[in-house]
Amino acid sequence: MRIDYGELKRRIRLIELLERIGWTSTEGRGDQLRGPCPLPACSSRKGSDSKSHKTSFSVQPRKNVYRCFGCGSSGNVLDFWKAYRGKSLREAAVELDNT
Ligand SMILES: [Zn+2]
């Protein structure tokens, strides 16, 4: 099966994916939202009550990209799902295509 990564990146909205996994922003609105990092490997999760954890994860819904200042992870919706699920890029893309 051939995967069209470009088409997936345009079709899947990162903010909708985040909402689906239960993420909610704690700061910001519109072009820039911030909140706790949902990535399992994120080191900022250790101090999950700290202010830095609650705002370490930043999303730009219009550009469909994210960046975490805690674990340094950043990228597009495919990069996010790959990091969140701990899968290869191809496996992550197949999962997103089926959601
Ligand atoms: Zn993180």
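The values are calculated or read from the model by the stated rules, or taken from the named source; none is laboratory data. Keep in mind it's a predicted model, so treat the numbers as computed, not measured. FYI the Cβ positions are ideal-geometry reconstructions off the backbone, even for glycines, and counts take in every protein chain you see. Side chains included, ligands, DNA and RNA excluded: accessible areas come from the protein's heavy atoms. Shrake-Rupley method; radii C 1.70, N 1.55, O 1.52, S 1.80 Å.
For first residues located in segment 70-99 and of a type outside the set (Lys, Arg), partners that are in a strand (DSSP E or B) and modelled with pLDDT of 95 or more and lie 6+ apart or on another chain with Cβ distances below 6 Å form the pairs SER74/ARG67; ASN76/VAL65; PHE80/TYR66.
Identify all residues within segment 54-73 that are farther than 14 Å from PRO40 by Cα and either within 11 Å of the ligand (Cβ to nearest atom) or out of contact with any Pro (no Cβ under 7 Å at 6 or more places or on another chain) (or both); write none if there are none. Give the derivation first.
Step one: of segment 54-73, the residues farther than 14 Å from PRO40 by Cα are 54-55, 58-67, 69.
Passing the criteria: THR55, SER58, VAL59, GLN60, PRO61, ARG62, LYS63, ASN64, VAL65, TYR66, ARG67, PHE69.
Residues in segment 86-99 that are in a helix (DSSP H, G or I) and either within 17 Å of ARG13 (Cβ to Cβ) or among the aromatic types (Phe, Trp, Tyr) (or both): ALA92, ALA93, GLU95, LEU96, ASP97.
Evaluating GLN32 against the criteria (1) within 12 Å of the ligand (Cβ to nearest atom); (2) open to solvent by 60 Å² or more (accessible area, probe 1.4 Å) leaves one unmet condition, (1). Does any residue of segment 44-53 turn out to be at pLDDT 90 or above, open to solvent by less than 80 Å² (accessible area, probe 1.4 Å) and either within 16 Å of the ligand (Cβ to nearest atom) or outside any helix (DSSP H, G or I) (or both)? Looking through segment 44-53, none of the residues is at pLDDT 90 or above, open to solvent by less than 80 Å² (accessible area, probe 1.4 Å) and either within 16 Å of the ligand (Cβ to nearest atom) or outside any helix (DSSP H, G or I) (or both). Of everything listed in (1) without any contact (Cβ under 8 Å) to a residue 60 or more places away in the chain; (2) in contact with a helix residue (DSSP H, G or I) (Cβ under 9 Å, 6 or more places away or on another chain), the single unmet condition for LEU17 is (1).
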